[in-house]
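Okay, so here's the structure we're looking at.
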Amino acid sequence: ICVPAVPVLFKQALENTDTEEGKSVSLRCELTKADATVVWKKGEATLQASAKYEMKQKGTVAELVIHNAEPEDA
């Protein structure tokens, strides 16, 4: 029996978050499937893990932490 793949959907989408310049900010979303592959983007650019961008994922929750936030991170 061939079972079609169930698409991964957002249970909880990203919310707008404010922070002060120079501080860290955390963006989180919740998915319908644990450990699904998550790609974080800013416009067309894919973000890569670095000293500025920290990506975390535990179960169905994916999180992007932006360190030393600047206006350009909006």
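The values are calculated or read from the model by the stated rules, or taken from the named source; none is laboratory data. This one's a predicted model, so the numbers in the text were calculated from it and none came from an experiment. All Cβ positions, even for glycine, are placed from backbone atoms using ideal geometry, and neighbour counts span all protein chains on display. All accessible areas refer to the heavy atoms of the entire protein, side chains included, with ligands and DNA or RNA removed. Shrake-Rupley method; radii C 1.70, N 1.55, O 1.52, S 1.80 Å.
One table, with the values for the structure above:
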read-out	value
For the range 10-66, accessible area per residue (1.4 Å probe, heavy atoms of protein chains only), Å²	74
Of all accessible heavy-atom area on the range 10-66, the percent that carbon and sulfur account for (1.4 Å)	47
Near-label residues of the range 25-39 by backbone N, under 15 Å of a point 7 Å along Cα→Cβ of Gln12	26-34
Net +/- balance of residues flanking Val38 in space, Cβ distance below 15 Å, scoring K and R +1, D and E -1	+3
Potential lengthening between Glu70 and Arg28 on full extension [0.36 nm per residue; Cα-Cα distance subtracted]	13.3 nm
